[in-house]
Amino acid sequence: MADYKTIISANISTSVVERLHGKTKGTRSRVIERALKAYLDDMNAFDITDLDSRQLMAALTSRDDISNALKAVLLAELTS
């Protein structure tokens, strides 16, 4: 089946448009299509709810921005 094309309208910041200046319309369309596909594909790539609570607690214990007191609580729960 043919992959038909359609024209869409979108508001894009002028700074991004300036960066596209000098590119042909076909090139701009391909760049925008690739960016949209990557964005849409990535939306389904990871969902935090896919991890169970124990995995999340283990990950939190290795972070530098978690206090030692909270790490102790998490580790106590993980070992129980």
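Name the residue that is surrounded by the fewest Cβ atoms within 10 Å (Cβ to Cβ), counting only residues in the range 26-73 that are assigned to a helix (DSSP H, G or I) and hydroxyl-bearing (Ser, Thr, Tyr).
First, pick out the residues of the range 26-73 that are assigned to a helix (DSSP H, G or I): 26-43, 48-50, 53-61, 68-73.
Filter once more, keeping what is hydroxyl-bearing (Ser, Thr, Tyr): 27, 29, 39, 49, 53, 61.
On the way: Thr27: 11, Ser29: 14, Tyr39: 9, Thr49: 6, Ser53: 9, Thr61: 16.
If we take residues in the range 26-73 being assigned to a helix (DSSP H, G or I) and hydroxyl-bearing (Ser, Thr, Tyr), then Thr49 is surrounded by the fewest Cβ atoms within 10 Å (Cβ to Cβ).
What about Ser80, is it surrounded by fewer than 10 Cβ atoms within 10 Å (Cβ to Cβ) and either in contact with a Ser or Thr (Cβ under 7 Å, 6 or more places away or on another chain) or at pLDDT 90 or above (or both)?
Details: surrounded by fewer than 10 Cβ atoms within 10 Å (Cβ to Cβ): yes; either in contact with a Ser or Thr (Cβ under 7 Å, 6 or more places away or on another chain) or at pLDDT 90 or above (or both): no.
No: the conditions fail for Ser80.
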Out of the residues in the range 1-25 that are in a helix (DSSP H, G or I) and of a type in the set (D, E, K, R), which is surrounded by the most Cβ atoms within 10 Å (Cβ to Cβ)? Arg19
Would you tally the residues in the range 43-74 being more than 29 Å from the chain's Cα centre (by Cα) and among the hydrophobic types (A, V, I, L, M, F, W, C)? 3
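The values are calculated or read from the model by the stated rules, or taken from the named source; none is laboratory data. Small disclaimer: the values here were computed from a predicted structure and weren't measured. Quick reminder, even Gly has a Cβ in these numbers, built from the backbone with ideal geometry, and neighbours come from all protein chains shown.
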